[in-house]
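J.: Quick one: this structure, given as structure tokens, is what I'll be asking you about.
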Amino acid sequence: SCVLRVEQKLGREKVAKILAGSEDSAVKDYRSLSTYGLLSSYPIKAVTAMIDHLIAEGYIAQEPGFRPSIYVTPKGQAFLKERPEIEIPGVNRPA
């Protein structure tokens with residue numbers, strides 16, 4: 001959802017900073033997003049690892065080249081519509 005909200009124009013590290021609620025000036029323009037800080041209970045490295053897992057599983061893909069942006073794949077679009085449960089290694093389910 002965050003990837004779509006930033007119009008699929010940012011790289012994985014910047015998206016991770018947004019999701020983690022980073023105070024980094026590089027993401028100050030994104031603090032009004034509903035997804036800003038959504039994963040603030042996780043360190044940025046863990047959020048990046050989650051994004052990497054979603055890339056590996058085909059929910060998100062990365063453009064080729066220097067500073068590649070990430071985008072939601074058709075599989076990711078279907079997930080966002082259907083919201084099935086998926087398991088991401090290292091992420092515990094809420095109690």
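The values are calculated or read from the model by the stated rules, or taken from the named source; none is laboratory data. Nothing here was measured: the structure is a model prediction, and the numbers come from that model. For accessibility, only protein heavy atoms count, side chains too; no ligands or nucleic acids. Shrake-Rupley method; radii C 1.70, N 1.55, O 1.52, S 1.80 Å.
J.: Using a cut-off of 20 Å between alpha-carbon atoms, which aspartates and glutamates can reach residue 17, once sequence neighbours fewer than 8 places away in the same chain are excluded?
T.: Leaving aside aspartates and glutamates fewer than 8 places away in the same chain, those within reach of residue 17 are 7, 29, 52, 63.
J.: Pull up all non-local amide H partners of residue 73: gap of 5 or more, or a different chain, and H-to-H distance under 5 Å with H placed in the peptide plane.
T.: 60, 61
J.: Quick one: length gained pulling residue 40 to residue 63 fully straight, 0.36 nm per residue minus the C-alpha distance? Spell out each step's value before the answer.
T.: Values: separation 23, 0.36 × 23 = 8.28 nm, distance 2.61 nm.
Computed gain between residue 40 and residue 63 is 5.7 nm.
J.: Could you tell me, in Å, what Rg and Dmax come out for the Cα atoms of region 17-95?
T.: 13.4, 41
J.: Please report the carbon-and-sulfur percent of the accessible area for the chain; probe 1.4 Å, protein heavy atoms only, DNA, RNA and ligands left out.
T.: Working: 3220 of 6270 Å².
C and S fraction of accessible area: 51 percent.
J.: In percent, what relative contact order does the chain have, based on Cα pairs under 8 Å that are 6 or more apart in sequence? Numbers along the way, then the final one.
T.: Numbers: 112 pairs, mean separation 26.8, N = 95.
Relative contact order for the chain comes out at 28 percent.
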